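Notes for the one structure printed next.
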Amino acid sequence: MTEWQSVNTFQDLNDNDVHIWLFHLNTTPPGIKRFYPLLSIDEKERSERFIDFMHRKRFIASHGFLRSVLSLYLDIPAEELQFGKGDNGKPFLKTNNNEHPLHFNLSHSQHLAMIAVCKQHEVGIDVECMERKHEWKKLIQRFFTQPEQDAIFSLP
């Protein structure tokens with residue numbers, strides 16, 4: 001699939017599928033109030049340790065969203081999901097019979113979060129927001145011909 005779907009068009013996960021979820025973390029106060037109750041006691045305690053409100057809000061939103069997404073696949077209320085940590089610290093879903101019903105990975109940076117979900121295979125995902133403060137005019141002057149520069153600099 002090459003286009004983004006919404007949660008309203010949720011599709012089941014086939015054995016070798018990997019679903020990627022994108023979420024904007026600029027959540028409003030009602031969104032935070034919706035996500036906060038979904039968190040475990042440990043997650044709530046972790047969120048309270050953030051001094052900066054923006055970081056606290058993004059943590060709550062990303063972990064609440066993760067729980068919401070995983071609950072769609074498992075048909076379990078988001079607040080009832082339990083997580084463990086592997087040897088390398090990577091979280092996994094705990095189940096009564098110690099099998100991994102889903103493999104997932106969460107990455108967040110600044111205002112974006114991404115989640116990868118798969119049934120059969122371990123997955124990883126990484127999102128990084130980078131500020132690029134390049135002198136773009138100097139780069140154009142260095143790498144483009146004069147007619148190309150003129151064309152680019154004439155653009156609005």
Subset of the range 40-51 that is basic (Lys, Arg) and part of a helix (DSSP H, G or I) - its residue that is least open to solvent (accessible area, probe 1.4 Å): LYS44
Odd one out for GLY64 among (1) outside any helix (DSSP H, G or I); (2) surrounded by 14 or more Cβ atoms within 10 Å (Cβ to Cβ): (1)
Filter result for ILE32 (farther than 22 Å from HIS121 by Cβ and either β-branched (Val, Ile, Thr) or touching a strand residue (DSSP E or B) at 6+ places or on another chain (Cβ under 8 Å) (or both)): yes
VAL127 being closer than 19 Å to HIS19 by Cα, open to solvent by less than 100 Å² (accessible area, probe 1.4 Å) and at pLDDT below 90: yes
Among residues of the range 92-119, those that are part of a strand (DSSP E or B) and touching an Asp or Glu at 6+ places or on another chain (Cβ under 6 Å), counted: 3
Residue in the range 78-91 that is crowded, with 17+ Cβ neighbours inside 10 Å and part of a helix (DSSP H, G or I) present: yes
Which numbered condition MET54 misses (of (1) part of a loop (DSSP other than H, G, I, E, B); (2) open to solvent by 70 Å² or more (accessible area, probe 1.4 Å); (3) of a type in the set (A, V, I, L, M)): (1)
Qualifying residues in the range 14-33 (those that are surrounded by 11 or more Cβ atoms within 10 Å (Cβ to Cβ) and under 18 Å from LYS44 (Cβ atoms)) - the one nearest to the chain's Cα centre (by Cα): LEU25
Single unsatisfied condition, SER154 versus (1) without any contact (Cβ under 8 Å) to a residue 12 or more places away in the chain; (2) surrounded by 10 or more Cβ atoms within 10 Å (Cβ to Cβ): (2)
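Residues are listed down the side, and each one gets a yes or a no for (1) without any contact (Cβ under 8 Å) to a residue 24 or more places away in the chain; (2) surrounded by 14 or more Cβ atoms within 10 Å (Cβ to Cβ); (3) under 19 Å from the mean Cα position of the chain (by Cα):
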residue	(1), (2), (3)
HIS103	yes, yes, yes
ALA116	no, yes, yes
GLU131	yes, no, yes
ASP150	yes, no, no
Unmet requirement for LYS137, which otherwise passes all of (1) open to solvent by less than 50 Å² (accessible area, probe 1.4 Å); (2) part of a helix (DSSP H, G or I); (3) modelled with pLDDT under 90: (1)
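The values are calculated or read from the model by the stated rules, or taken from the named source; none is laboratory data. The model shown is predicted, which means the values in this text are computed figures rather than measured ones. Backbone-built Cβ (ideal geometry, glycine too); neighbour counts: all protein chains shown. The area values use the complete protein model at the heavy-atom level, side chains included, leaving out ligands, DNA and RNA. Shrake-Rupley method; radii C 1.70, N 1.55, O 1.52, S 1.80 Å.
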